[in-house]
Amino acid sequence: QWIYLDNRFVKKEDAVVSVFDHGFLYGDGVFEGIRVYSGNIFRLDEHLDRLYASAHSIMLNIPYTKEEFTQIIIDTVKKNKLYSAYIRVVVSRGAGNLGLDPRNCPAPSVIVIAEALSIYAESLYENGLKMASVATRRNRADILSPQVKSLNYLNNIIVKLESIQAGADEALMMNSEGYVTEGSADNIFVVKNGKIKTPPVYLGALEGITRNVIIDLAKENGYVLEETPFTRHDVYIADEVFLTGTAAEVIAVVNVDQRVIGSGKPGPVTNSLLKVFRQVVETDGVK
Ligand code: PLP
């Protein structure tokens, strides 16, 4: 396995960064997760736009143009001869001293890892996930924008642990007002009486690229879809609940806080959107 690390390809065993890297010391950096389906890198432009936006927001200068970065990612996939894969792109502030000050980090670290990976077992797509609502809240937009995909994923990690301790597969995160925002690394949708709802991102959800694909596909397929705030109660009484994300794709949720959702099985709207999503990813992407 070849890893892209600061202008060159190195073997996995040799892909190491300094203990003085501020990505490691402080979580000072940004990242993206991207999928490759049948040799196509899915929504690469959107992922790079979000990476550059996250970096700009935290005043981190990515040392490549988007065109150069596109080529680096394509080359990493090719070098590893991958057909279906998960790509992790990381840009950190780089190595500095032990102080917080980013001015002591002369050059950012750029890492691209591509590996064959399937995140959830196919049986979970067939049977659905269990979610549990958690005590930890989504970080607020006035602290650090949820749109910044920073290396500070501590609250997402805490909510994941809280949900596992509650016997669930994934966490249902809310904002400080109690409105549902998202999962630990995926966006949430509910279906009630044939209508689909997802929280507006201003409530404190990442504007997921899969979320946006599903919003478009739902509308193209004749569903009514609203971006509107809702609470845990709306999740409990939904006919269907599903999550979207680069890793999760489209996955049904069949139990939330011990309430069975709908029939207790992945529902028809979720299944039909997963089907069209899987068709789109096969044909639509950067080679
Ligand atoms: N929400 C959070 C907090 C995430 O980290 C992710 C994963 O990237 C998502 C939602 C889903 O976004 P996307 O569909 O762009 O992968």
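The values are calculated or read from the model by the stated rules, or taken from the named source; none is laboratory data. Owing to the predicted nature of the structure, the values given are computational and were not obtained by experimental measurement. Virtual Cβ from ideal backbone geometry, glycine too; neighbours counted across all protein chains shown.
Evaluating P200 against the criteria (1) over 23 Å from Y37 (Cα atoms); (2) buried (at least 16 other Cβ atoms within 10 Å of the Cβ); (3) more than 12 Å from the ligand (Cβ to nearest atom) leaves one unmet condition, (2).
Inspection of the range 236-244 identifies at least one residue that is on the phi < 0 side of the Ramachandran plot, within 11 Å of the ligand (Cβ to nearest atom) and not assigned by TED's automatic domain parsing to the domain that holds N40. If E182 passes every condition in (1) within 16 Å of the ligand (Cβ to nearest atom); (2) more than 19 Å from T270 (Cβ to Cβ); (3) of a type outside the set (G, A, S) but one, which one does it miss? Evaluating E182 over (1) within 16 Å of the ligand (Cβ to nearest atom); (2) more than 19 Å from T270 (Cβ to Cβ); (3) of a type outside the set (G, A, S) leaves (2) as the failure.
With a requirement of 2 or more residues that are free of Cβ contacts under 8 Å to residues at least 12 places away in the same chain and over 19 Å from the mean Cα position of the chain (by Cα), the strands (runs of 3 or more DSSP E) lying completely within the range 1-76 that satisfy it span 8-11.
Taking I158 as the residue in question, decide whether it is at pLDDT 95 or above and either within 14 Å of the chain's Cα centre (by Cα) or surrounded by fewer than 14 Cβ atoms within 10 Å (Cβ to Cβ) (or both). Here the answer is no, as I158 does not meet what is asked.
Tell me whether the range 123-131 contains one or more residues that are surrounded by 21 or more Cβ atoms within 10 Å (Cβ to Cβ) and either modelled with pLDDT under 95 or touching an Asp or Glu at 6+ places or on another chain (Cβ under 8 Å) (or both). Yes, there is a match, as at least one residue in the range 123-131 is surrounded by 21 or more Cβ atoms within 10 Å (Cβ to Cβ) and either modelled with pLDDT under 95 or touching an Asp or Glu at 6+ places or on another chain (Cβ under 8 Å) (or both).
Just one of the listed residues (S57, S38) is over 19 Å from N7 (Cβ atoms) and exposed (fewer than 14 other Cβ atoms within 10 Å of the Cβ), and it is S38. Take I251 and tell me if it is touching a helix residue (DSSP H, G or I) at 6+ places or on another chain (Cβ under 7 Å), within 16 Å of the ligand (Cβ to nearest atom) and part of a helix (DSSP H, G or I). In short, no.
Residues are listed down the side, and each one gets a yes or a no for (1) surrounded by 17 or more Cβ atoms within 10 Å (Cβ to Cβ); (2) out of contact with any Gly (no Cβ under 8 Å at 6 or more places or on another chain); (3) aliphatic (A, V, I, L, M):
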| position | (1), (2), (3) |
| --- | --- |
| S92 | yes, no, no |
| I111 | yes, yes, yes |
| A121 | no, yes, yes |
| A135 | no, yes, yes |
| R140 | no, no, no |
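Number of residues in the range 107-157 that are in contact with a strand residue (DSSP E or B) (Cβ under 6 Å, 6 or more places away or on another chain) and of a type in the set (G, A, S): the value is 6. Annotation note: Cβ proximity below 9 Å between a residue of the range 164-177 that is outside the structural domain of R232 (by TED's automatic domain parsing) and within 14 Å of Q258 (Cβ to Cβ) and a residue that is at pLDDT below 95 and not acidic (D, E) (sequence gap 6+ or interchain) occurs for no pair. Looking at G167, G178, can you tell me which residue is part of a loop (DSSP other than H, G, I, E, B) and in contact with a helix residue (DSSP H, G or I) (Cβ under 8 Å, 6 or more places away or on another chain)? Checking each option against the conditions leaves just G178.
For the range 204-214, the condition of being more than 16 Å from the ligand (Cβ to nearest atom) and in contact with a strand residue (DSSP E or B) (Cβ under 6 Å, 6 or more places away or on another chain) holds for none of the residues.
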